[in-house]
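Participant: Right, I'll just put the structure down here and ask away after.
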Amino acid sequence: MQDELKNKVIKALENVLHPDHEKNIVFLGIVSGLESQNGNIRFAIEVTTEDGSRMEPLRKAAEAAVLAIEGVKSVTAILTAEKTNNKHQRHASAKKPKLLENVGKVIAIASGKGGVGKSTTAVNLALALAQTGLKVGIMDADIYGPSLPMMMGINEKPDSANGKRIFPIEKFGVKCMSIGFMVPKDTPMIWRGPMVMGALEQLLGDTEWGKLDIMIIDMPPGTGDTQLTISQRVALAGAIIVSTPQDLALLDALKGLNMFNKVEVPIIGIIENMSYFICPKCGNRSNIFTHGGAERTANKMGVDFLGSIPLEMEIREGSDKGVPIVVSTPHSQSTATYLDIAKLILESKISTRERYTPSISIE
Ligand code: ADP
C-alpha cells in the first residue's frame, strides 16, 4: 500500500516540469528522500545554491501535484541545496568570486558555537579598524539571528534608490548591513537552505558598499550553508576565530578551523574572548576560567594568536546599548586591545585576494 502510494507520487511528480529544462523533475533526478507515512508525504527537490528562492514556484507546483492524489493527506516538499554524492573534489560554481569586488580585504569572523562574543568582537574590531583611517564595512551574515542592529544601535531601514540596490547604514563611521534592518524585531524567521543563500547574495551583492578598504563579515556560529556560500562567492582574505577559554568552546573552535582549512580560506588568527574578568568596582583582574587555552590551540594549529579580550561589564553594556566600547570608552584598556588586534590584522601576511580562489570539497 505504502509502495503503491509512493509510485503514484512519483507518477505525479513526472508531470512537474523544471522551469529551466522543460524536463520533469523525476527525469532530472532531483527528487530525493521520498517518504510516505499514513498518507503524509515528504520529499526534497535538489536545486543549485544559486537558484535559491527562484525555485519556490516549482516546490509549490510539486506539492500541489502530489496533494491531488487520492489518499494523500499532507505534503511537505523542501528545497535543498545542490549536493554531490561522492567524495570527489568539486570545484565551486563560483570559482571566480563575483561579489564585493570593490573591497580590498574581506575578513570573516567566525566561531565554533554561539554566545562566545563573536558579534561583539566583530563590531568592535570593525570600529577599531575604522579608527585607523580605513574605509570599513560590516556585514551581519547571521540571517537567523541578526545582532548588528542592536549592537550598533540602528533602528532605521536602509534607503533604496530604485527598489533594487540598497544603501548600507553608516554608523560611527562604519557602513553596516544586516537582514535585521529589513525585518521587524522579534519576528521569527524560517529559512530554507537555498533561501539563505539568496538572502546572503542580496545583502552582499545588492548593497551599494562603494569602495571599501576592509569588510568584516560576522558569520553565524558553527559551520553551515552560510559559511560555504560566503567562501564560494567572496574572495575572503581570511577568517578570524573567536573562542572563549573553556575547553569545550575550544573544541568547537577547532571544528571552525578545520572547516575554513577545507575551503582553503586562511586563518588569520584566534582571539580569546572573555579571557579573564575585570572587576567593575576595583578594576582587578581575575582568571576565572583556565586562561590561555586559545593561545595554546593557536600554537598547536600553527596559526597566530591575536589577543585576549577580558570579560568586562562595559563591553556587555556597550553591545546591549548600541554603543560599542571602542566608541563609548575610547581610552579604556579593552579599546586599546581591540586597536592592537586591528593592527595585527592589518599587518598580517594575508593580503592577496587572488591567492585564495576556493574550491570546495564535500565529503
Ligand atoms: P556571539 O556572536 O558569539 O553569539 P555575542 O557577541 O552576541 O556572541 O555575545 C554574547 C553576549 O556576551 C552578549 O550579551 C555580549 O554583550 C556579551 N559579551 C561578549 N563579549 C563580552 C566581553 N568580552 N565581556 C562582557 N560581555 C561580553
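Participant: Specify the angular offset, from 0 to 90 degrees and rounded to the nearest 10, of the alpha carbon long axis of helix 247-262 from the longest principal axis of the alpha carbons in the chain.
Facilitator: Relative to the chain, helix 247-262 is tipped by roughly 60 degrees.
Participant: With every protein chain present, what is the per residue accessible area of the chain (1.4 Å probe, Å²)?
Facilitator: Normalised by residue count, the accessible surface of the chain is 48 Å².
Participant: I need to check one value: relative contact order of the chain, counting alpha carbon pairs closer than 8 Å and at least 6 residues apart, in percent.
Facilitator: About 21 percent, as a whole number.
Participant: Further question: How far is helix 118-131 tilted off the main Cα axis of the chain, in degrees rounded to 10, range 0 to 90?
Facilitator: Between helix and principal axis, roughly 60 degrees.
Participant: Another question, then. What value, in deg cm²/dmol to 500, does the helix sum -39500 (n - 2.57) over DSSP H runs of n ≥ 4 give at 222 nm once divided by the residues of the chain?
Facilitator: Helices in the chain give a 222 nm mean residue ellipticity of -9500 deg cm²/dmol.
Participant: Still on this structure, I have one more. What do you get for the angle between helix 193-205 and the principal long axis of the chain? Use alpha-carbon atoms, 0 to 90 degrees, nearest ten.
Facilitator: Value to nearest ten degrees: 50.
Participant: Need the list of aspartates and glutamates near K73 for cross-linking: C-alpha distance under 18 angstrom, and skip anything on the same chain fewer than eight residues off.
Facilitator: D3, E4, E35, E63
Participant: Return a whole-number percent for the relative contact order of the stretch 2-86, with Cα pairs under 8 Å and 6 or more residues apart as the contact set.
Facilitator: Relative contact order of the stretch 2-86: 30 percent.
Participant: Okay, moving on. Using the structure shown, select from K157/K185; K185/K255; K157/K321; K157/K343 the pairs with a Cα to Cα distance greater than 23 angstrom. Each step should come with its number before you reach the end.
Facilitator: Working: K157/K185 12 Å; K185/K255 31 Å; K157/K321 19 Å; K157/K343 32 Å.
Over 23 Å Cα-Cα: K185/K255; K157/K343.
Participant: Within the accessible area of the stretch 20-59, what % is carbon and sulfur when the probe is 1.4 Å and the other protein chains stay in place?
Facilitator: After summing per-atom areas, the C and S share lands at 45 percent.
Participant: Using DSSP to define loop residues, name the trypsin sites (Lys or Arg not before Pro) in the stretch 217-315 whose beta-carbon has at most 11 other beta-carbon atoms within 10 Å. It would help to have the intermediate numbers written out before the result.
Facilitator: Values: sites: R233, K255, K262, K281, R285, R296, K300; in loops: K281.
Qualifying residues, ordered by number: K281.
The values are calculated or read from the model by the stated rules, or taken from the named source; none is laboratory data. These figures come from a predicted structure and were not determined experimentally. When we count neighbours, we look across all protein chains shown, and the Cβ atoms used for this are built from the backbone with ideal geometry, even at glycine. With ligands, DNA and RNA removed, areas are computed over all heavy atoms of the protein, side chains included. Shrake-Rupley method; radii C 1.70, N 1.55, O 1.52, S 1.80 Å.
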